Amino acid sequence: MVKQTTRYGISTTVALPYAEAVERTKEALAGEGFGVLAEIDIAAALKKKLDVDFRPYVILGACNPPLAHQALQAERDIGLLLPCNVVVYADDAEGRSVVAAMDPEEALSLTGNEQIGPLAAQVKERLRRVLESLPGA
């Protein structure tokens, strides 16, 4: 079940181990026209920089080029709010993972630009379908 878990994000918990959840999420993003522009391994970064252990956690910088292009045409500085971040992390329960996506309607509303609202709604619907398509969502 996909739900609004924070003011700025939607998420679901899936019955997949972390590594599989990351791969399935990338596949689901591709199915909705998103490419992953950046992949940040938070656990590895924290270990390297602070020598602390953290649960497996990755940030995927997802971009749908046609929708991003439209947004950039409507608001040149919108790149400050892009790409759409999707996170995957190991849940507390063994063999389960959390997949969460930025709520583009909330984030992009910061622009105050009327042209951005319909684009943000399209992106949110696509991200919702990504989350819903994951096993056990």
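The values are calculated or read from the model by the stated rules, or taken from the named source; none is laboratory data. Predicted model only: the values in this text are computed from it and were never measured. Note that we place each Cβ from the backbone using ideal geometry, even for glycine, and neighbour counts take in every protein chain shown. These accessible areas exclude ligands, DNA and RNA; they are computed on the full protein's heavy atoms, side chains included. Shrake-Rupley method; radii C 1.70, N 1.55, O 1.52, S 1.80 Å.
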Divide by every residue of the chain the summed helix terms, -39500 (n - 2.57) for each DSSP H run of at least 4, and state the resulting mean residue ellipticity at 222 nm, rounded to the nearest 500 deg cm²/dmol.
-12500 deg cm²/dmol
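Multiply the residue separation of Arg128 and Arg7 by 0.36 nm, subtract the distance between their alpha-carbon atoms, and state the gained length in nm to one decimal.
On the way: separation 121, 0.36 × 121 = 43.56 nm, distance 1.50 nm.
Length gained between Arg128 and Arg7: 42.1 nm.
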Rg in Å to one decimal, and Dmax rounded to a whole Å, for segment 1-92 via C-alpha atoms
14.8, 43
Which of Arg126, Arg96, Arg55 moves the most in a Gaussian network model of the chain with Cα springs under 10 Å?
Arg55
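Using a Förster radius of 30 Å, what is the FRET efficiency between Ile59 and Ala121 based on their Cβ-Cβ separation? Nearest 0.05, please.
On the way: r = 23 Å, r/R0 = 0.77.
That pair, Ile59 with Ala121, gives E of 0.80.
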Keeping every protein chain present and rolling a 1.4 Å probe, give me the accessible area per residue for the chain in Å².
56 Å²
Calculate what fraction, in whole %, of the accessible area of segment 1-122 sits on carbon and sulfur atoms when a 1.4 Å probe is rolled over the protein chains.
55 percent
Just flag the trypsin sites (Lys or Arg not before Pro) in segment 1-66 sitting in loop per DSSP whose Cβ has no more than 12 other Cβ atoms within 10 Å.
Arg7
Using the Cβ atoms and a cut-off under 13 Å, what net charge is assigned to the surroundings of Ser109, where Lys and Arg are +1 and Asp and Glu are -1?
-3
Principal-axis tilt of helix 65-74 within the chain, Cα atoms, nearest 10 degrees
40 degrees
